[in-house]
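Take a look at the structure set out below.
The values are calculated or read from the model by the stated rules, or taken from the named source; none is laboratory data. Everything numeric here is computed off the predicted structure, so don't read it as measured data. Glycine gets a Cβ as well: all are built from the backbone with ideal geometry, and neighbour counts include every protein chain shown.
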Amino acid sequence: MLFPIAIHKDPDSDYGVTVPDLPGCFSAGSTIDEAMLMAREAIELYLEDVLASNQSPPDPSDIESLRNDPDFADAIWAVVSVDIERPTRAA
């Protein structure tokens, strides 16, 4: 499953990542690559909790539909691939 992420960079800060389709799911990293890796981990943990609650994960939006949202103005857009079938935590 491919989830769009919005990457932001303020002066004197790390790269912040927001996952628009997953409320409250965010991450950060000192480089864009690290921010994307950390975002993937955050998405996996978020989805693990959703599935453990017997809920269905949301369908990811396409970036085009998110680009006009003022909350994501000036964002760098990327997608993160997540396998929702694979458990992420050791049992």
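Structure notes:
- The number of residues in region 6-39 that are surrounded by fewer than 18 Cβ atoms within 10 Å (Cβ to Cβ) and part of a helix (DSSP H, G or I) comes to 4.
- In the set (1) at pLDDT 90 or above; (2) small (G, A, S); (3) under 17 Å from the mean Cα position of the chain (by Cα), the condition left unmet by A52 is number (3).
- Subset of region 47-65 (residues that are over 19 Å from W77 (Cβ atoms) and out of contact with any Pro (no Cβ under 9 Å at 6 or more places or on another chain)): D49, A52, S53, N54, Q55, S56, P57
- D83 being at pLDDT below 95, of a type in the set (D, E), at negative phi and assigned to a loop (DSSP other than H, G, I, E, B): yes
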